[in-house]
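Participant: Following this message is one structure expressed as structure tokens.
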Amino acid sequence: MDFSLHLLTLLSLLPQSTALWCYQSQFSCDDTCRDPSRWAAQFPSCGGLRQSPINIVTSKVRVNSALPPFSFIGHSDRVNVTVQNKGHSAHFALPPSVQLTGGGLTGHYRAAQFHFHWGGDRRPGSEHTIDGERFPMELHIVHIKAPYSSLAEAEHDMAGIALLAFLFEESTDDHPHLDTVIAALGRVQNNGSSTVISSFRLRDVVPPADSLHGYYRYVGSMTTPGCEQAVAWTVFHRKLSISSRQLDAIIRQCRFWTGQPMTDTFRPTQPLDGRIVYCSMSGAAQTPVVHVWLCVFLVVFWSVMNSHMTSTGFMGEELQDV
Ligand SMILES: *[C@@H]1O[C@H](CO)[C@@H](O)[C@H](O)[C@H]1NC(C)=O
Ligand SMILES: *[C@@H]1O[C@H](CO)[C@@H](O)[C@H](O)[C@H]1NC(C)=O
Ligand SMILES: [Zn+2]
């Protein structure tokens, strides 16, 4: 009741033409603004054929040898990061000195911001799902292809934006660097408020590129309106960890622009519509490598056992005695 009152007050202050959109979790959103199933009415791209997020079906991904590892630039630099509550999520602005190349993409991409998608009380909230499994949280790092400097400029290029996605899994131990992030979220509770994290290193959250050989790649869109279909998506195999204490804390920090608790901030998965999800070679090779080593081990084990048994005559005589 409180919330709907708050919403009505807000709406009366907004110009009629303001495009409003909501997540499914914003219950008071029905007539006044649009939940994900109705985004397309106001933002046509949201109804396109290359939308994100998706469910990745691992048995259907296609191995692509032209997907090498990335090179990250500036991940070890200490930077001041401005954090702002944008009404639907909080953005952590990165300086353009943070960049990436490689990963099967052409040219340089400059970082713009990172943000998270999370669930609610004990509910997982990743946007991408793997074989139908939703993970507790997802990190998105948004990069814009040089020489573009905004989403508006990049949106006409199918790979104008490079989005890196990391899925989180729950761990018993706290992630050593997430408390800084959680504290910053606590300082931007309401739409429009902002704060600064000084001396932030992306390296403290994102693993080094040489440990990220395995990833999925597909072409898709931004996962919030306008749903621009300009994104080369990378979903890394490697999971980041977050403790249940930190998960509980992170969902409690912010409010949506409607005043409601900012929870379940993910768009439902979208149809593939004939797209192919690729998998980098080294990502796909992980299982076979384990198998090869197991085979080598078994062969060695067997020949050692065999020669041992033969030399002691175990197989020949003693066995017959039993
Ligand atoms: C970060 O902000 C502090 C305090 O405002 C300033 O002294 C410092 O030079 C800034 N660092 C960078 C890398 O901009
Ligand atoms: C959120 O705040 C910004 C100002 O920081 C404002 O421009 C925007 O309209 C607000 N969003 C909503 C939906 O109220
Ligand atoms: Zn996102």
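The values are calculated or read from the model by the stated rules, or taken from the named source; none is laboratory data. No experiment lies behind these values; they were computed from the predicted model shown. Here the Cβ positions follow ideal geometry from the backbone for every residue, glycine too, while neighbour counts run over all protein chains shown.
Participant: Sort out for me the strands (runs of 3 or more DSSP E) sitting completely within segment 177-277 that have 1 or more residues that are within 16 Å of ligand 1 (Cβ to nearest atom).
Facilitator: 194-200
Participant: State the number of residues belonging to segment 73-123 that are within 23 Å of Thr263 (Cβ to Cβ), away from ligand 2 (no atom under 16 Å from the Cβ) and surrounded by fewer than 20 Cβ atoms within 10 Å (Cβ to Cβ).
Facilitator: 4
Participant: Name every residue in segment 245-278 that is in contact with a Ser or Thr (Cβ under 8 Å, 6 or more places away or on another chain) and among the small types (Gly, Ala, Ser), in order of residue number.
Facilitator: Passing the criteria: none in range.
For (1) in contact (Cβ under 8 Å) with a residue 40 or more places away in the chain; (2) within 28 Å of Ile73 (Cα to Cα); (3) out of contact with any helix residue (DSSP H, G or I) (no Cβ under 8 Å at 6 or more places or on another chain); (4) surrounded by fewer than 21 Cβ atoms within 10 Å (Cβ to Cβ), each residue gets a yes or a no:
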site: Pro207; (1), (2), (3), (4): no, yes, yes, yes
site: His213; (1), (2), (3), (4): yes, yes, no, yes
site: Arg217; (1), (2), (3), (4): yes, yes, yes, no
site: Thr223; (1), (2), (3), (4): yes, yes, yes, no
site: Ala230; (1), (2), (3), (4): yes, yes, no, no
site: Ile251; (1), (2), (3), (4): yes, no, yes, no
site: Arg267; (1), (2), (3), (4): yes, no, no, no
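Participant: For segment 87-106, indicate whether the set of residues that are more than 19 Å from the chain's Cα centre (by Cα) and within 16 Å of ligand 3 (Cβ to nearest atom) is non-empty.
Facilitator: yes
Participant: Looking at segment 142-158 only, could you name the residues that are within 22 Å of the chain's Cα centre (by Cα) and of a type in the set (D, E, K, R)?
Facilitator: Residues satisfying the conditions are Lys145, Glu155, Asp157.
Participant: I'd like to check something: does segment 300-317 contain any residue that is of a type in the set (Val, Ile, Thr), at pLDDT below 95 and under 30 Å from Gln189 (Cα atoms)?
Facilitator: Within segment 300-317, none of the residues are of a type in the set (Val, Ile, Thr), at pLDDT below 95 and under 30 Å from Gln189 (Cα atoms).
Residue-wise test of (1) within 16 Å of ligand 2 (Cβ to nearest atom); (2) more than 30 Å from Cys46 (Cα to Cα); (3) out of contact with any Asp or Glu (no Cβ under 6 Å at 6 or more places or on another chain).
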| residue | (1), (2), (3) |
| --- | --- |
| His156 | no, no, yes |
| Thr172 | no, yes, yes |
| Ala183 | no, yes, yes |
| Ser193 | yes, no, yes |
| Ile197 | no, yes, yes |
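Participant: Another question, if that's okay. Select from segment 38-63 the residues that are at pLDDT 95 or above and of a type in the set (D, E, K, R) and write down the one among them that is nearest to Pro271 (Cα to Cα).
Facilitator: Among those that are at pLDDT 95 or above and of a type in the set (D, E, K, R), it is Arg50.
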